[in-house]
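One structure below.
The values are calculated or read from the model by the stated rules, or taken from the named source; none is laboratory data. Given the structure is predicted, the values throughout are model-derived calculations rather than measurements. Here the Cβ positions follow ideal geometry from the backbone for every residue, glycine too, while neighbour counts run over all protein chains shown. Only protein heavy atoms, including side chains, enter the accessible area calculation; ligands, DNA and RNA are left aside. Shrake-Rupley method; radii C 1.70, N 1.55, O 1.52, S 1.80 Å.
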Amino acid sequence: MYPTALTQLARGNPFSSPLFNIQKVEEPKQSLHGQRTRTLAAAATSDDVVFGSSKYYALCGFGGILSCGLTHTVMVPLDLVKCRLQVDPEKFKSISNGFRLTVKEDGVRGLAKGWAPTFIGYSMQGLCKFGFYEVFKVFYSDLLGEENTYLWRTSLYLAASASAEFFADIALAPMEAVKVRIQTKPGYANTLRECVPKMYAEEGVWAFYKGVVPLWMRQIPYTMMKFSCFERTVELLYKHAVPKPRSECTKSEQLVVTFVAGYIAGVFCAIVSHPADSVVSVLNKESGSTATQVLKKLGPKGVWKGLVARIIMIGTLTALQWFIYDSVKVYFRLPRPAPPEMPESLKKKLGLTE
């Protein structure tokens, strides 16, 4: 059923944890009117982290730091070539051509340009993206109630992820601007320490935030697709593809499902967000430009330059991010609720139970 290589990877990952049982945990959860109680499936361990507690959200944020910061940094060479394909398509005509020219002009070390702002920026973005997603998911669920949470779960995933990404992009914008300037403007700066003061001296604080609106345009649709597609894909995989209930799967098998669902979500993410990604790359290269001017300059075809590289990069990134994030939850023994099921009260209303 499960690919051998992925299963071995899941078993050997640095966040592996002894198996533990699933049981029902009653956690008092106040709604706006202070009346209702949330029942959820959580990991039974000797040192439980309470679902929805400050410690739970903090550890989720830490998982986000690792999942986004590490994966984006590893993918810097491909990201660098992708950015150059977007901002200078006449010179960089393909992925392989981009790699050859980069190594020829800057050496092998040139492929690592922008790694520091990438690591810092995407670590901060991951902290807000995953941490706030968990916060907003619980918050919106409390507003909707148990039955509506199930019925409108896709809308809940979309709203929670969009809300989280709004704040995540504010945290990401400064380092994203620095990264793109280093990668796409030859001779401007080679390091974070060199680039930041130079950008500030030329354009002030605005240099670091002028790309935040295009970032919202790129990242919010991307994250909405990333989280909602992942959540629903996991649900469908356990329902139709996995031959046994999730509670009977080992943690290694569950992490394989996480990886597969993450890759599927990543492909859709790349397609949805690519036009805005092209605008961000050009905007941060050219001082004094606006998003509207860049969009007109690129045209309908230009915004899709570098799509194949982005699909490869984002598909792999998204799969690894979910794998690392879920592994962190396993390691710290955080509650990991099973895919949602229809509440008994709703089944009775719909006449599905006697």
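Can you tell me the FRET efficiency between residue 105 and residue 342 if r is taken as the Cβ-Cβ distance and R0 is 56 Å, rounded to the nearest 0.05? Intermediate results must be reported in sequence, preceding the final value.
On the way: r = 59 Å, r/R0 = 1.05.
Here the calculated transfer efficiency is 0.45.
Which of the DSSP-defined H helices in the chain satisfy a minimum axial length of 18 Å, computed from C-alpha atoms, and a minimum mean Kyte-Doolittle hydropathy of 0.5?
Within the chain the helices that satisfy the rule are 54-74, 115-144, 153-184, 251-285, 307-331.
Residue 127: accessible area at probe 1.4 Å, nearest 10 Å²?
Using a 1.4 Å probe on the heavy atoms, I get roughly 70 Å².
Taking residue 301 as the anchor, which lysines have their alpha carbon closer than 26 Å to its alpha carbon, excluding any fewer than eight residues away along the same chain?
82, 91, 93, 179, 185, 210, 226, 285
In a Gaussian network model over the chain where Cα atoms closer than 10 Å are linked, find which of 253, 202, 146 has the largest mean-square fluctuation.
202
Accessible area per residue of the chain at 1.4 Å probe, in Å²?
It amounts to 47 Å² per residue over the chain.
With labels modelled as points extended 7 Å from the Cα through the Cβ direction, what inter-label distance (nm, one decimal) is found for residue 139 paired with residue 232?
Each label point is offset 7 Å from its Cα along the Cβ direction, giving 2.4 nm.
Which of the aspartates and glutamates could be linked to residue 251 by a straight reach, that is with a Cα gap under 20 Å, when you skip same-chain ones fewer than 8 residues away?
47, 48, 231, 235, 326
Dividing the alpha-carbon Rg of the stretch 222-333 by 2.2 N^0.38 Å yields what?
Ratio of Cα Rg to 2.2 N^0.38 Å: 1.34.
Which value, in Å² and to the nearest 10, is the accessible area of residue 100 when all protein chains are kept and the probe is 1.4 Å?
Per-residue accessible area (residue 100): approximately 150 Å².
With viscosity set to 1.567 mPa s and temperature to 4 °C, compute the Stokes-Einstein D of the stretch 155-295, Rh being the Kirkwood radius across alpha carbon pairs; µm²/s, no decimals.
76 µm²/s
Along the positive direction of the dipole of the chain (beta-carbon charges: Lys, Arg +1; Asp, Glu -1; about the Cα centre), which of 323, 233, 263 reaches farthest?
Projecting each Cα onto the dipole axis, the largest value belongs to 263.
Out of 62, 103, 125, whose Cα points farthest toward the positive end of the dipole of the stretch 52-209 (charges: +1 Lys, Arg; -1 Asp, Glu; placed on Cβ)?
Checked the options; the winner is 103.
Note the full-extension length gain between residue 55 and residue 353 as 0.36 nm times their separation in residues minus their Cα-Cα distance, in nm to one decimal.
Working: separation 298, 0.36 × 298 = 107.28 nm, distance 3.83 nm.
Working it through step by step, the gained length comes to 103.5 nm.
On a 1.4 Å probe surface of the protein chains, which of 333, 218 comes out largest in accessible area, and what is the full order?
333, 218
Charges only on Cβ, +1 for Lys and Arg, -1 for Asp and Glu: so what's the dipole of the chain about the Cα centre, in debye to the nearest 20?
Working: 42 positive and 29 negative charges, 179 e Å.
In debye, rounded to 20, the chain gives about 860.
For the stretch 220-354, what is the charge dipole size about the Cα centre, in debye to the nearest 20, if Lys and Arg each add +1 at the Cβ and Asp and Glu each add -1 at the Cβ?
For this selection, approximately 260 debye.
Can you tell me the Rg and Dmax of the chain, counting just the alpha carbons, in angstroms?
Cα only, the chain: 21.7, 73 Å (Rg, Dmax).
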